[in-house]
Amino acid sequence: MQTQTQLRTSNKLLVPIVLLVIDGLFNILSFFIPLISLTTGHFDGIARPIPVIVVVLALAVMSLVAAGGLGKRQRWARTAGLISTILLLLLAIVGIILPVTGGQLDLGPIIDIPLNIVLLVFLFQPTVKQALV
């Protein structure tokens, strides 16, 4: 009977774990996605500022670490996931409002905003909090 209870607990955490991994990998890989020039409409090189790259990469790694912690049912992992997701969401919103890419359209925030919102919905579910040790 104990095995069945553990299986249900892991199912409650499966979606947030998968979403945290997707979010972390997407934010790491988004720096390799070319930007679209708003003047020519063609793909141009990567023109993101170095501080933005460092912060986003650190938060992406934090998301991956949080996913591992959730897999081990650690309470700190939910907090780490919430912090990284909220900060990545805020950075994506700022990236849409104040593009720092010098007249180029960054597709990363357009994808990242809905992904982070869905992730926050799952991380705030009471079943996720209850499933943690």
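Couple of notes before you dig in:
- Ile93 paired with Ile110, simple spin-label distance in nm, labels 7 Å along Cα-to-beta-carbon: 2.0 nm
- Formal net charge of residues neighbouring Leu119 (Cβ-Cβ distance under 13 Å; K, R +1; D, E -1): -1
- HN-Hα J in Hz across the stretch 72-87 - Karplus 6.51, -1.76, 1.60, θ = phi - 60°, x for Gly and Pro: 9, 6, 9, 4, 4, 5, 5, 5, 4, x, 5, 4, 5, 5, 5, 5
- Computed lengthening from Ile22 to Val118, 0.36 nm per intervening residue step minus Cα-Cα distance: 33.4 nm
- Per-residue extension of 0.36 nm, minus the Cα-Cα distance of Arg75 and Val61, leaves a gain of 3.3 nm for this segment.
No lab work stands behind these numbers, since they all come straight from the coordinates. Values in this document were obtained by computation on a predicted structure and should not be read as measured data. For neighbour counting, all protein chains shown are included, and Cβ atoms are generated from backbone atoms with ideal geometry for every residue, glycine included.
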